Amino acid sequence: RRARLVAGFEAIESHERSLAEAFLAGLESLGAFELYGEPTPEGRCPTFLLRSRDARGPSPEQLSRHLSAQGLMATYGNFYAVELERALGFEGQGFLRVGFMHYNTHQEVQRLLRALDEATSISRP
């Protein structure tokens with residue numbers, strides 16, 4: 001029984017790592033978003049904080065709304081990283097947070113990346 005549990009958790013970890021690798025590679029190729037945190041899936045859960053690199057680009061709230069309208073769950077806020085938000089000069093603006101779990105697919109990663117690419121055309125009010 002223990003061996004099956006271990007194998008199951010190893011399979012989940014492998015799948016989530018694969019999703020994170022695909023997301024990170026796609027995000028880097030977009031070049032439009034700043035990733036806050038390690039740019040590798042090693043030693044982390046597949047959850048990511050992002051912001052547009054362009055100060056005139058979409059805010060985290062706009063990104064979240066755009067993704068939500070397409071049926072993609074992505075939230076925005078400071079996620080208790082108030083000091084980080086303040087230190088980076090984004091006080092009150094927050095970050096976009098996206099993540100993947102064992103039930104997500106590579107198709108969903110690609111769908112998210114396409115939606116983020118589309119969102120780069122949104123400008124701040």
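Taking every residue in region 30-55 that is under 20 Å from PRO125 (Cα atoms) and pairing it with any residue that is open to solvent by less than 50 Å² (accessible area, probe 1.4 Å) and part of a loop (DSSP other than H, G, I, E, B), at least 6 positions away or on another chain, the pairs with Cβ-Cβ distances below 8 Å are ALA32/GLY57; ARG51/PHE90; SER52/ALA32; SER52/PRO58; SER52/SER59; ARG53/GLY31; ARG53/ALA32; ASP54/ALA32.
Counting only strands (runs of 3 or more DSSP E) that sit wholly inside region 24-125, those with at least 3 residues that are in contact with a strand residue (DSSP E or B) (Cβ under 6 Å, 6 or more places away or on another chain) are 33-36, 47-52, 95-99. Only one of the listed residues (GLY43, GLY37, GLY57) is open to solvent by less than 40 Å² (accessible area, probe 1.4 Å) and of a type in the set (Gly, Ala, Ser). That residue is GLY57.
Just give me the residues in region 15-29 being touching a residue at least 60 places away in the same chain (Cβ under 8 Å), over 24 Å from GLY77 (Cβ atoms) and among the aliphatic types (A, V, I, L, M), in sequence order. ALA22, the sole residue that qualifies. Annotation note: Cβ proximity below 6 Å between a residue of region 75-87 that is among the aromatic types (Phe, Trp, Tyr) and a residue that is open to solvent by less than 50 Å² (accessible area, probe 1.4 Å) and not in a strand (DSSP E or B) (sequence gap 6+ or interchain) occurs for TYR76/PRO60; TYR76/SER64; TYR76/GLY94.
Looking across region 84-125, just one residue is in contact with a Pro (Cβ under 8 Å, 6 or more places away or on another chain), buried (at least 20 other Cβ atoms within 10 Å of the Cβ) and farther than 15 Å from THR47 by Cβ, and that is ALA119.
The values are calculated or read from the model by the stated rules, or taken from the named source; none is laboratory data. If you're wondering where the values come from, they're calculated on a predicted model, not measured in any experiment. For neighbour counting, all protein chains shown are included, and Cβ atoms are generated from backbone atoms with ideal geometry for every residue, glycine included. Accessible surface is based on the protein model in full, side chains and every heavy atom, while ligands, DNA and RNA are left aside. Shrake-Rupley method; radii C 1.70, N 1.55, O 1.52, S 1.80 Å.
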